[in-house]
Amino acid sequence: MRKIIKDKAIVDDDWTVLTLAEGEAPEAFAVPAGKSLVPLAVWEAQRGNLRQRPDIGVWIASHERPEALRDDVAALPVIAVDFPKFSDGRGFSIAYNLRTRLAYQGELRAIGDVLRDQMFYMQRVGFNAFATREDRSIEDALKSLDDFSEAYQAAWDRKMPLYRRVQRAQAGN
């Protein structure tokens, strides 16, 4: 069974990421039984039936908007964001918007070209699960979540920037 990192631990991945074949219509896509992450287009086309299933999550491509899930975030146990290549950073904004603007509280998973070097920053914008590339060490990737002991900027995981968290001695004392 494939492994992922979830909440800073390596666990079995019991979700299957489903994809549409080229030219396949989202409304005609057959969603199998079992824990499945469906493309956003399938969710939108079959929302009425899929919303009743607790074993359905959605994955969002980097060119799609998270606002499409505005009315559904409370019903989704997992939302995944696809990183088609490491240089495509749109997934960071999608995750941040899901957490801050849409108040998503469930599992937020990074999928696709997920590399160790970006995972510390991914968790800062709200990701708590990572499906790393299979050609890379998941144990090494797990260590990356603690690469830095402190962050200067405010983010989803720490609302106050460092300069507001550190008390400094006043000049002249």
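The table that follows gives values for the structure above.
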{"item": "Region 33-52: number of residues that are modelled with pLDDT of 95 or more, over 23 Å from SER93 (Cβ atoms) and not small (Gly, Ala, Ser)", "result": "4"}
{"item": "Output for region 29-63, where each listed residue is assigned to a strand (DSSP E or B) and open to solvent by 30 Å² or more (accessible area, probe 1.4 Å)", "result": "TRP59"}
{"item": "Entirely in region 76-161, the helices (runs of 4 or more DSSP H) that have 2 or more residues that are under 17 Å from SER62 (Cα atoms), out of contact with any strand residue (DSSP E or B) (no Cβ under 7 Å at 6 or more places or on another chain) and at pLDDT 90 or above", "result": "90-100, 116-124"}
{"item": "Tabulated pairs, region 70-91, first within 20 Å of TRP15 (Cα to Cα) and aromatic (Phe, Trp, Tyr), second in a loop (DSSP other than H, G, I, E, B) and open to solvent by 20 Å² or more (accessible area, probe 1.4 Å), C-beta under 8 angstrom, 6+ apart or interchain", "result": "PHE83/ASP113"}
{"item": "Subset of region 5-20 (residues that are assigned to a loop (DSSP other than H, G, I, E, B) and open to solvent by less than 60 Å² (accessible area, probe 1.4 Å))", "result": "ASP13, TRP15, LEU18, LEU20"}
{"item": "Hey, TYR96 touching a helix residue (DSSP H, G or I) at 6+ places or on another chain (Cβ under 8 Å) and of a type in the set (Ser, Thr, Tyr) or not", "result": "no"}
{"item": "Sole exception among (1) loosely packed, with under 14 Cβ neighbours inside 10 Å; (2) closer than 27 Å to GLU134 by Cα for ALA25, by number", "result": "(2)"}
{"item": "Residue list for region 133-145, filter: more than 14 Å from ASP7 (Cα to Cα) and within 17 Å of the chain's Cα centre (by Cα)", "result": "ARG133"}
{"item": "Which listed residue is of a type outside the set (Ser, Thr, Tyr), closer than 28 Å to LYS35 by Cα and open to solvent by less than 90 Å² (accessible area, probe 1.4 Å), from ARG70, ARG116, ARG165, ARG101", "result": "ARG116"}
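The values are calculated or read from the model by the stated rules, or taken from the named source; none is laboratory data. Bear in mind the structure is a predicted one, so any value in this text is a computation, not a measurement. In this analysis, Cβ positions are derived from the backbone assuming ideal geometry, glycine residues included, and neighbour counts consider all displayed protein chains. Areas reflect the complete protein model, heavy atoms only, side chains present, ligands, DNA and RNA absent. Shrake-Rupley method; radii C 1.70, N 1.55, O 1.52, S 1.80 Å.
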